[in-house]
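Below is one structure, written out as structure tokens; comments come after it.
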Amino acid sequence: MKKVGIEAISLYTPRYYLDLKTLAAARGTDAEKYYNGLGQERMAVAPPDEDIVTMSANAVKVALEGIDYREIDTLMLATESGIDQSKAAAIYVHSLVGLPSTCKAFELKQACCSSTAGILSALALVQMNPRKKVVLVASDIARYGLGTPGEPTAGAGAVALVISADPKLVAFDPENGSYTADVMDFWRPNYMDQAMVDGKYSIRVYLKALSESWNEYVKASGREFNDHYRYCYHMPFTRMAEKGHLHLAKYSAPEGISKDMLKDQIYSAQRYNRLTGNLYTGSLYEALTSLLESRDKLDDRRVGMFSYGSGCMGIFFSGVVQKGYRNYLKTDAHRQMLEARIDLPYGDYEDMYKAVLPQDGSDAQTMHYETGLYRLAGISGHKRIYETVGSIADRHNEKTSVDQQQIPREKASQQGRR
Ligand code: COA
């Protein structure tokens, strides 16, 4: 069987974030609950002129740097923040990025797990035709009600992966284990723009899905706990990875694991997620990016990965990091993006949160905020209008410091993201 896996990976997150200390002060909560109890420091906040399309387009454009667009057979977009019941958000991304008309484009859904379902399909597609490549982009705005327990676990961003028979970063193992069950731990009815979540129940279902899919993975692969050097987990909040890893170790690592082993095995994968909050479909792949871009020496090392999507489906799978992988990462660009973000005062966060597109079908224009290369300009005649506002070359030349960046003061009355 041919080696297939990840040739390139790129993360995009909006230019604004809320420090969870700021949120804790506004909610009268001890900040340690968020920083240590949940393991989150900052949450990315999408301005009104960014949505899953603009975030995806940014991630895809960078992931495809140096790759011939004519080799891309399919663009898959995984999301649970859909903007249309019929037209795939992938079509807008296809157009913004400039992919050829021969490239297919469609959208995938199963909560946070559809990205992994997409990757498994992409692997099969590439196995059948190793000259073709697939781009899988996972993009979401995780949004909970103001003042609800879910609020500190919000976030926003997209991760794009190029899947090919030239896996410069990670080659996937052919085996996986999965678990599917009809449960109501987290869902979003069509008439709501915030998720319904039974958080505590969701944690229990996550752990059950983890052990069940792990058992199937072990049966299929014959591998054991210690056959994996590092682990990456889907992280609605980073403490969830600790809960998951301890749960897995309890019955699958005969001699148990120490605190240091726990830290070694999962910490490097948590760093970026702590700084952006939940990316839903992108969460696991942000964790993988964080791991690959850490100081860990990973050449030829096997990584275990657990993908969870509420509702629910869990998939356990693994991959081997390729020799020389560091040469193909976008580490500097990612670090620069995370460092150059704007720290929002609480009032601006709430303004951005409340700025929603009109729900009655009327036209609207969005205010200009700091964005990536693309923005949502508004709605006209029931159609979403996107525009390109820069190029990768502009971004490379950009020397804007955090101090120089300003949040637009003026706010339009009708502006939003959905
Ligand atoms: N200092 C340090 N830790 C503190 C603390 C403090 N002052 N106060 C509380 N904590 C700890 C708690 O002990 C708990 O840790 P534990 O789970 O190890 O016991 C943690 O912080 C969270 O506190 P808790 O009271 O359980 O939080 P909550 O009731 O406000 O809700 C979630 C937490 C995770 C359930 C909630 O944020 C949520 O529902 N998020 C959405 C989750 C999601 O998206 N699920 C679906 C996809 S998987």
**Asked** Only one of (1) free of Cβ contacts under 8 Å to residues at least 40 places away in the same chain; (2) under 30 Å from residue 241 (Cα atoms); (3) away from the ligand (no atom under 16 Å from the Cβ); (4) not in a loop (DSSP other than H, G, I, E, B) fails for residue 21. Which number is that?
**Response** (3)
**Message:** For the range 177-200: of the residues being in contact with an Asp or Glu (Cβ under 8 Å, 6 or more places away or on another chain) and within 30 Å of residue 224 (Cβ to Cβ), which is farthest from the ligand (Cβ to nearest atom)?
**Reply:** 177
**Prompt:** Restricting attention to the range 212-239, and to residues there that are touching a helix residue (DSSP H, G or I) at 6+ places or on another chain (Cβ under 7 Å) and within 16 Å of the ligand (Cβ to nearest atom), which single residue is farthest from residue 148 (Cα to Cα)?
**Reply:** 232
**Prompt:** Hey, among the residues in the range 24-47 that are within 16 Å of the ligand (Cβ to nearest atom) and within 30 Å of residue 374 (Cα to Cα), which one's surrounded by the fewest Cβ atoms within 10 Å (Cβ to Cβ)?
**Reply:** 41
**Message:** Quick check on the range 257-295: of everything there that is acidic (Asp, Glu) and within 27 Å of residue 14 (Cβ to Cβ), which residue is surrounded by the most Cβ atoms within 10 Å (Cβ to Cβ)?
**Reply:** 286
**Request:** State all residues of the range 61-89 that are in contact with a Ser or Thr (Cβ under 8 Å, 6 or more places away or on another chain) and within 26 Å of residue 382 (Cα to Cα); if no residue qualifies, say none.
**Result:** 76, 77, 78, 79, 80, 81, 89
**Complete:** Quick count over the range 181-212, residues being crowded, with 16+ Cβ neighbours inside 10 Å, more than 21 Å from the chain's Cα centre (by Cα) and of a type in the set (S, T, N, Q), is 1
**Item:** Among (1) free of Cβ contacts under 8 Å to residues at least 12 places away in the same chain; (2) under 27 Å from residue 179 (Cβ atoms) - the single one residue 249 does not satisfy
**Value:** (1)
**Complete:** Of those in the range 308-324 that are under 16 Å from residue 4 (Cα atoms) and either buried (at least 18 other Cβ atoms within 10 Å of the Cβ) or β-branched (Val, Ile, Thr) (or both), the residue farthest from the ligand (Cβ to nearest atom) is 322
**Message:** Yes or no: the range 214-230 includes at least one residue that is out of contact with any Gly (no Cβ under 7 Å at 6 or more places or on another chain) and buried (at least 22 other Cβ atoms within 10 Å of the Cβ).
**Reply:** yes
**Request:** Enumerate the pairs (first residue in the range 138-157 and more than 17 Å from residue 14 (Cβ to Cβ); second residue anywhere and β-branched (Val, Ile, Thr) and surrounded by fewer than 24 Cβ atoms within 10 Å (Cβ to Cβ)) with beta-carbon separation below 6 Å, excluding pairs fewer than 6 apart on the same chain, so at least 6 apart or on different chains.
**Result:** 150/197
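We did not get these values from a lab; they are worked out from the coordinates using the rules stated. A quick note: this is a predicted structure, and the numbers were derived from the prediction, not measured. Note that we place each Cβ from the backbone using ideal geometry, even for glycine, and neighbour counts take in every protein chain shown.
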